[in-house]
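Taken together, the values in this text are just the output of simple stated rules run on the coordinates, not laboratory data. Since this is a predicted model, take the numbers as computed values, not measurements. Cβ: placed from backbone, ideal geometry, glycine included. Neighbour counts: every protein chain shown.
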Amino acid sequence: MLAFSFNDTLLVATVLFSIGLAGVLVRRNMVFMLMSLDIMLNAAALVFVGAGARWHDATGQVMFVLILALAAVETAVGLAIIVCLHARGRPTLDADTGNLLRG
Amino acid sequence: MNPLPVLVLLPIMGGGLAWGAGRMWPRASPSMRDASWWVVLATLVVETLVLAMATFSHRAHAGPWPGHFAMPWIPAMGIAVRLDMDGLSLSLIWLSLILCFLCVLLATRQATAHAGAFRFLFLATLTGVIGTFLATDLFVFFFFWELMLVPMAGLIAAWGHEDRQRAAMKFFMFTQGSGLVMLLSILGLVITHYRQTGVLTFDYFTLAHTSLSPTGAMLLMLGFFIAFAVKLPVVPVHVWLPDAHTQAPTAASVLLAGILLKTGGYGMIRFNVMLFPDAAARFAPIAMGLGVAGILYGAWLSSAQDDVKRLIAYSSISHMGFVLLGIFAGSRMGMLGAVMQMLAHGLGTAALFLIAGAIQDRLHTRDMHRIGGLWAAMPRLSSAGLFFAMAALGMPGLGNFTGEFLVLLATWRISPLLATLAATGLVLAAIYALRMVNRIFLAAPQADTRPVTDLPSWQMAVFACVMAFLVLLGLYPQPFMIFSAPLPLPATAMAGPGGTTP
Amino acid sequence: MHALALLAACVTVVGAIMVITRRVAVHAVLYLVVTLLALATVLVMLGASFAAMLEIIIYAGAIMVLFVFVIMMLNLGQPDSAREKEWLRPRAWLGPGVLATIVCAELLYCTSPLSGAAPVPAAITVHDVGADLFGRYVLVVELVSYLLLAGLVSAFYIGRNRAGGR
Amino acid sequence: MAEILLPLLVLCPLAASLVVFISAGRMGARAIGTVACAGVGISAVLSIILSVMLLSGPVAGGLQVTLWPWMRVAGLSADIAFTLDRISMVMVLVVTIVGLLIHVYAAGYMRDDPGIARFFGCMTLFVAAMLVLVLASDLLCLFIGWEGVGLCSYLLIGFWYDDPANTSAARKAFYMTRMGDVALLCGLLLLACATGSLRIGSVLASVADGRLPASGVNVAAAFILVGALAKSAQIPFQAWLPDAMAGPTPTSALIHAATMVTAGVYLIARVHDLFAMAAPVMALTAVLGALTLLMGACTALVQSDLKRILAWSTISQLGYMFLALGCGVWQAALFHLMTHAFFKALLFLTAGAVIMRAGHEQDIFRLGGLRRAMPGLTAAFVAGASALAGLPLVTAGFYSKEMILSGVWHVHFGLAREWTLSGHPLWGIALLGAFLTALYIFRCVFIVFCGKAGTRAAGRTSRLMGIPLVCLSVLSLFGGVIEMPDTLPSLHLFSALLDPGTPLSHADEPVWLVLAGALAPLAGLGVAWVLWGRPSPVMREIPGQAGVIRPARTGRGMDVLYDRVFVQPFRLLAWLTRLDIPGHAITGTGRLTRAASAGILGVRAGLLDMLAMRATGTARWAGHLPGLFQNGRVRWYAAWIAGGLCAGLAMAVLS
């Protein structure tokens, strides 16, 4: 007997997603934005796993693995950008300071 | 052990080793040969041994042609690693190996910066080329076709001369773009075959038995033709070639002229004429017209160049015109002539590029006006240059003439006018070759020439081997013609997997 | 619902809230680790112990370590903390908060009709996942490997030291 | 035996050439000369042995050696094969013996040149290629030698490459002969397509069988004729030969007088059966030959450069041979070829020695009175000159020229059904040519060797150079008595040797024919003596320089024409197209695209700027509407995404 029903999973995931979304929107520091993005990704992954358990399908966990990989890539690239910007003498890590691509 | 996959994989693995060796033990002094050079040489020697084994061993024929290797790769899509070898591919692989030896012995040492990486890319190109010559699965063929381009573009872009980025870009754009057209054609052929038989396969021998509507066959053949025409190159799409040849480092120029152009000719023989014989026959007048245009136009432009490497590059266009003419002449004689021309041109032009590279190393210029007469200072290099210039102008008794004569003879049967026009190209060939000879070899020495060193005798010995080979091709081509003839498809397909299809 | 499950869910949510409200980055990272560990617990309770292991090892382990490293490299200090405080004025919370709340409410509303069916009590073993991963989804795995490669290359490219290179 | 000796004949000079080339810079001048002379000498001995073997053997056929198959494909088989029959025997003897004498001479002449290794390498290579050409029993094999001699000629004309004039002369020679080669190649292609083989015997046999339509025979013969004309410097290809005198004198003697330029004559003699079936081409050959001999003689008359006089005289004498070929008396052509090889080699070698001793002065008006300073050379030159002029009875040239004249007199060209062309006008031209020949060569003799002294002669002619001169003098004086006209003691050794079946005799020819042929040179000699020979000459140069003579004197008339018609347009077009127009077009398209996209970008940026300015200027209070969308802030974008999500979900909720 599973301790968690699909309903509850969805609830938790939705709340997590919203928190992450709020974090992305409210924080100006890019490190925090990345962390919030990770929270959102986790929420999505949680839904997949829950759905997999609900319909007894391994696809859910496969998707989890894929999301994990995606998150890893996203984090790596994002952090690389942060380090790059920092190394070029950007005073703060404010995401709002102008157009990032012009660097 | 089956030699074919070894042949394909060995160079790239050796290249990796050479890279590693180059990083681990960088050369101590510029004059010394470093570890990676020895690794490359060892790789080539082993490769030659394997090729000799493949040439002379007589095994039971598993496939339609003497050499065969098959291994499923993606069964769901009917893709398998199928490698087959007939005389044509065998002789072209021999040519590639000989040229690689030439480059390694005479040219790759000139790339001093990041020599290991240079050698890795060099051998990776070789892998692509050999794979292209062997693959009989269209998907695998396409794979190797593309694999060949990337390292070559890298070689040009990273180690080339002054305008290398643009040249590499042009080279890559042209060949890549035309490769995509070929991919479309491959997919079209496979899908047609699938619709007809319900079998999804990329196998060359099976696909050869697809029945196509005339229009469809023509469209598919044109797709292949465009890709090969860019590589060969045929005149309107030759634009990438002079830049790429001129800007590439010597070893890359040699590979480019010696082998990469031959993949175009090889592809035309194998995938245009043999896969779509009817469409090719209908297309032949246009193709032959293009061939003659290439002969004349290439020679014409060649005789107006001041840059040595550019001159040789345009002369390649002229020679490849003969190849195109021979392939589409529609007779076995023309085909043989085209193959002979490819072999002879590979050797002769490669040697010319090596000589041009040697001159550039010594004098730091490619401008014929500034090079001046070299005979007094460098008699060995100049006599080698004279010999290969003579080969380029089609001196009878040397390899090029054999090919040109057969091609002209095959063309004469179809159209004496075209043959006469193509023969006029030989006069133009004399003009550009002698212009080069009288500008840089047999001319008054330049007033401000610094003392230069001639070729050492061991390098001259290497050139002498090439010369001997060209003379052999010119005076006794019969064994090579038997050896390197492309095996016809219908006769052998009965024994092969293609024979099972109705 | 199990008490442990309730606890895990609560810790997850509270941890996430703490993450987005911290001013010091290291604290946020630590809270994020807590969140992820709690999430792993949730996953275990969903019967996905394999996923939970991966969550702990890769996420809470590897990725978070990456964060910590980067934060160490960034050399943040008191001024940064102060600036964060200045950035996190209550007014800034207004818009995002409202937006997030609306999204949350809507999502909950949308998903509620789905939650009627009966649960199927069975766990999914690692074997099932592995068979699926390298059977049906092998091409996707290949694609993901390309993605990883692309990420690797781009991270290398972006992060290399420009002053020293060619 | 012959199987070994025949390849060895070719191999000896070839080996000598390779040895000389490879050991360049390591051997002394004497050693190089020895090796080269040995190579040619061995093959001279071998050629004599082989000739004896051939003549002592059965009459029909010749010695055949097939070395290896060259190519065998469907529709063509060609071999590397040598044939020594009676025609090639004459040629081989000429090439090797004259070649040997010239090599011996050159060993002395080139002793002090730094490039002697290159010189002898090319010379021996030339002998080898010429022997391949002569011995080939396959037209394709012949073509190898044909181009090979062209290559050697190119290298030797441009031997002193420091002067751009020399190398451009060399290139000119190669280009012009190359045009002929391409025509010859086309002829070979035609024959190969029609008969499936290029073996001379089988080609002629299948032509005789009528496997080739008449038009095909004519076209093939015309192609071969063009090739031969170019090689032998006949009209309209005559322009390269005078310039070819830029090379060392032994080269001029061997290649541009004795052997290579006669290759065209040899080729046509070789395939005379083919030509016999192409009457219009025969007529064309004869007419071109006659025109060339007249033009050559006239031009030689007004030249002032000693070597150029000899070059134009070579062209003129080759014209005689082509005339004979065109009239079907190929035996006479070969006979004249042989005697011409003797006396023209002699003339060139003597001229070379004279020029060398006179301090490299080639203008005959600056030379003069050399008779006393160098009596031996004078005797040799006079011997050669009288042979060239064909002074009756005592010189070889008389007999060969007589044979041609009598052959031309009897010929009738059946051009079309009713329209025949008699050979009598051609005979008249040839007789006029004989007169002019004596006139110009004795003009040269009198100006150079008589009169008052010009330049000072220095040094002595070395023995190495002297011996060949003596041999050649003897040959050019007495080499002709093997064939005599019927009115004299009828002797037909040469024509019987070539064609044992049908001896060429014109028993019915009138006596005055021979007499005319004998008197014309004497008249020329007399006129020359009157004009230039007496102590106070009537005139130094032919008058009337301004008009017709000027272009002829410079010998540049044809050159100017070629320059206008071919060279300049080619240069211009090559210059115009040197940048590869398609390449430019495609690159240009790329550039245009780039420029266009840059332009579009610029316009867009301008528009945006304008919009932004409007927005900020006129509606500042209304908020930054454009700015809201495109302000580059990540969080704003995220907010918009979230807003969109909100809206989308709201639609789902409300529906």
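Here are some notes:
- Selected from C:VAL70, C:VAL44, C:VAL33 as most flexible by GNM, with chain C as the system and alpha-carbon contacts under 10 Å: C:VAL70
- Estimated inter-spin distance, D:ALA31 and A:ARG88, nm [label 7 Å along Cα→Cβ]: 7.1
- Charge tally for D:TRP70 (other residues, Cβ to Cβ under 12 Å; Lys, Arg +1; Asp, Glu -1): 0.
- Segment D:349-424 versus segment B:422-447: alpha-carbon centroid distance in Å: 36
- Note on D:LYS231: aspartates and glutamates with a C-alpha under 18 Å away, same-chain residues under 8 apart excluded, are D:GLU147, D:ASP181, D:ASP243, D:ASP559.
- Rg and Dmax, both from the Cα atoms of the protein assembly as shown and both in Å, are 42.8, 145.
- Chain A, relative contact order in percent, only Cα pairs under 8 angstrom and at least six apart counted: 27
- For the pair B:ASP361 and B:MET53, a Förster radius of 41 Å applied to the C-beta separation gives a FRET efficiency near 0.65, rounded to the nearest 0.05.
- Net dipole in debye of the protein assembly as shown [+1 Lys, Arg Cβ; -1 Asp, Glu Cβ; about Cα centre; nearest 20]: 3440
- Added length on full extension, which subtracts the Cα-Cα distance from 0.36 nm per residue, C:LEU149 to C:ILE57: 31.1 nm
- Local net charge near B:PRO396, Cβ-Cβ under 11 Å (Lys/Arg +1, Asp/Glu -1): -3
- Chain B, relative contact order [Cα under 8 Å, separation at least 6], %: 15
- Only lysines eight or more places from D:LYS401 in sequence, or on another chain, were considered; those with a Cα closer than 18 Å are D:LYS344.
- Sorted largest first, the spans of the alpha carbon positions of chain B along the three principal axes are 73, 59, 41 Å.
- Label separation (D:VAL603 vs D:ARG534): 9.5 nm, computed from points 7 Å beyond Cα along the C-beta direction.
- Cross-link partners of D:LYS452 among lysines (Cα-Cα below 26 Å; sequence separation of 8 or more within a chain): D:LYS307
- Listed residue (D:VAL219, C:GLY15, A:VAL47) projecting farthest to the positive dipole end of the protein assembly as shown, Cβ model: C:GLY15
- When shorter helices are ignored and each DSSP H run of at least 4 residues is given -39500 (n - 2.57), the per-residue value for the protein assembly as shown at 222 nm works out to -23000 deg cm²/dmol.
- A crude spin-label estimate for the pair B:ILE482 and B:ARG166, with each label 7 Å from Cα along the Cβ direction, gives 5.2 nm.
- A Gaussian network model of chain C, with springs between Cα atoms under 10 Å, assigns the largest mean-square fluctuation among C:VAL141, C:VAL68, C:VAL29 to C:VAL141.
- Sites C:CYS10 and C:MET73 - FRET efficiency at Förster radius 30 Å, r taken between beta-carbons, to 0.05: 0.35
- At R0 = 45 Å, FRET efficiency that the Cβ-Cβ distance of B:ASP306 and D:LYS452 yields, to 0.05: 0.30
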